[in-house]
Every structure is written in structure tokens, then in C-alpha cells.
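The values are calculated or read from the model by the stated rules, or taken from the named source; none is laboratory data. Just so it is clear, the structure is predicted and the values come from calculations on it, not from any experiment. Glycine also receives a Cβ, built like all others from the backbone with ideal geometry; neighbour counts cover every protein chain displayed. The area values use the complete protein model at the heavy-atom level, side chains included, leaving out ligands, DNA and RNA. Shrake-Rupley method; radii C 1.70, N 1.55, O 1.52, S 1.80 Å.
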Amino acid sequence: MKREELSSIISNIDERLVAEAYQYNPGFCSDSPERIVHMKKRIITFALAAALMLALSITAYAIWSVHTARQQEIKADLKIEESNVNSYTEYDVPDEQASGLVLLSSVNDGQEQRVYVNISPVTKEEAECFPTDVGFVWNVAGTEVGGFAAPQLPVGLSLSGEEEIRKAVLENAYDEESQIMTLQCYIDVKSVERAMSELGTDSVPLQIQMLIGENEPRTFGPVPFSLTEEQSRYFDFGHAVYHDDELDKDIEIIGLELTPFSAVWKVNYEGAENFHTPGVDQAAYEPWSILEDKVCIETKIIFSDGSEFSTGGALTTPYENGTVNQFCGWGSAINIDDVQRIVLGDLVLWAAE
């Protein structure tokens, strides 16, 4: 029940009933005992009804507040506003839903749709069992499409050991009073596109499953979910060549696809296609692997205020369409419209005009 509905119910109570319940009557004490009991019952009934509606309204508002507070925390942690991220989607949260699955926000980084959700109820005992005896997965109902989900923790938080993880989850991703757990789902974009094709729709029924030991999974949802637009920028390096003196090898750096949360470095070198097929000779590939890492990690993306950013090591390196496509991802957003220069050592790959 929405807060507006509760207010409407209260405001529409017949004023005659209120007046009758509370009006002072000098003759009331001389009425018959049955009349006195009847009036007392009416007063008590009205008071209980009002108290119940107020309690429901307060509970609904408290749950709604947890959802909206989580949205604001996530937005600030991801640096959405300061990085001018216009691809970030924030959903309207229901103020009458006491349990289940609630979409908070999402952003498309090109490879994955990062989706932030609340699920409830999750007891404190269950929350304390993550990650040893409790885990989370997302899936598209009615398909085999699914993947990993985890409690949403602050970007850059460094943890060591199960006890530290449990403490961080309870402090940052769990609300004990409402029994709400906040999760981040890493949803593969291509998998969802396949699922939409199978279902013949432009959205999918997204659900979360909580795995509890050997028990049957507990399911939250499903709710309709659609992929959001990707915000990206491409930097063409004009087939720049970087020479590594130590390895005495050249690597061609073709371009960079950049989103606020990810990068794809497009590179090529002698024998690249063969080195990215099953059964590759690891010894022969090693120097090229070092060069690939160097491009991702040591290249500096420089912004207008002079600050620098590294995309970090590649998470995947498939060979597609004639290039090695090194995909990198990170936590908080960067402003891709504020890039001024991209340099690797003394080689200037790109500079704003």
C-alpha cells in the first residue's frame, strides 16, 4: 500500500464517525451499560485502525528510504555525477513493496551490464554466512542465461579473509531492520541479447537466487529488465607503433574504445592470431603477453586537471576482426569527455586539438 493511498483512506474517514467517537456527551455517563460498551468499542476500533494504517505507512516509508539511500550511496561511490556519466540508469523504486527484488540502477560498460538490486528478506544469520555457505546468482527466468552476483561493497575496498568480508557485507550491503541485501550483478550483454531473441521480447524476466548450502535456492523476482545504452568514445591512434627496447619487439596500437567504466585496447603484432588460439605455445607468447600488459597498464590517460588514469590489466584478450581486443574494467567512473592526452612512455598516442 502506497503512502498516498494511506493518506487518502485516513482523509476520507466519515467525519461523523470521528465526531461521534470523540464528542463530549454529558449524558453519556447516564446511558445504559450496553451503550457505553458499544461506544468504547467504536473508539477502540477507530484507534486501532488508525494505528494500523500509520504503522503500515511508517513501515513502507522506512523500506522506501532504504532503497533510495542505497541508490544515492551507489551513485556517489561510482562518481556518476562528477564524471558526467549520462548512460547511468536509476529506476523508480516502489514504496509499497515489502519484500522481493527491487531494481536500483544499472550501467552498460559495453561487455557487461552492471545492475544494482535490493533483495529481501535476508536474515542476519544468512547474511553472515556469505561467502562460505551463502552465495548469489542472477538468471533470466525460463532460460539457461545466468551469472555471478555479490553484495555491493564500496569501490576500492580491500579485504582479506572471510571474517573481513562478512564484516564488510554487514556494514555496507545489509540493512538488518528491513532485512534488505544490496547486490551487484555482472550481466553479460551478449547473453541477454540472446535471451531476448529466444523470448522474442525487448526485456527479460530477471531474477536473483540465493544459494544456501545444500538447500534449494531461494528466488527473488522476477522483474522485467532491459539493456541500457552504452556511453562510449573511440580514439583512433592511426596504427601507432610502440617499440620495446628491452624485448626488442614492436606492437601496433590501433585504437581505444573507452567507456566510463571500461576500455578495449585494440593491438596487433606478428603472429597475434596464432597466439590467441587454443594450444598456444606459452613460452613463445610470453614476450607478447608482456607487451599487451604494458599497453593496458602503463599507458596514461591524462585529463584537463593534469590527473592521470591507467585502465589496469586486461580481463579478456580475444582476437577478433584482425586485432587483439584487450578488455579492461574498473570501479568508479571516469569522464571520457575530458580526456586531453593518451601517452605510452615517450609515444603520444592521441592529443586533443
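Do you know the relative contact order of the stretch 143-182, to the nearest whole percent, from alpha carbon pairs under 8 angstrom that are 6+ apart?
Computed value for the stretch 143-182: 41 percent relative contact order.
In debye to the nearest 20, how big a dipole does the stretch 212-353 give about its Cα centre with +1 on each Lys and Arg Cβ and -1 on each Asp and Glu Cβ?
The calculated dipole for the stretch 212-353 is roughly 460 debye.
How large is the accessible surface per residue of the stretch 229-353, computed with a 1.4 Å probe and reported in Å² as a whole number?
Ligands and nucleic acids excluded, the figure is 50 Å² per residue.
Spelling out what I want: for every residue of the stretch 252-268, take phi, set θ = phi - 60°, compute 6.51 cos²θ - 1.76 cosθ + 1.60 (Karplus), and round to whole Hz; glycine and proline get x.
For the stretch 252-268, the Karplus-derived couplings read 8, 10, 8, x, 9, 9, 10, 10, x, 10, 7, 8, 10, 8, 9, 10, 8 Hz, x marking Gly and Pro.
Add +1 for every Lys or Arg and -1 for every Asp or Glu among the other residues with Cβ under 10 Å from the Cβ of residue 231, and state the total.
So the surrounding residues net to -3.
Give, as ranges by residue number, the residues of the stretch 303-323 whose backbone N falls under 11 Å from the point 7 Å along Cα→Cβ of residue 273.
Label zone hits: 320-323.
For the stretch 97-104, just list the computed ³J(HN,Hα) in residue order, Karplus coefficients 6.51, -1.76 and 1.60, θ = phi - 60°, integers in Hz, with x standing in for Gly and Pro.
8, 8, 7, x, 10, 10, 6, 9
Through the Karplus equation 6.51 cos²θ - 1.76 cosθ + 1.60, θ set to phi - 60°, convert the phi angles of the stretch 119-135 into ³J(HN,Hα) values in whole Hz; use x for Gly and Pro.
Result, ordered by residue: 10, 6, x, 10, 6, 4, 4, 5, 4, 6, 8, 7, x, 6, 10, 10, x Hz.
Whenever you get a sec, compute what percent of the accessible area on the stretch 196-335 sits on carbon and sulfur atoms (1.4 Å probe).
Carbon and sulfur: 45 percent of the exposed surface of the stretch 196-335.
Sort the following peptides by mean Cβ neighbour count (other Cβ atoms within 10 Å, averaged over residues), highest first: 336-344, 324-332.
Averaged packing, sorted descending, gives the order 324-332, 336-344.
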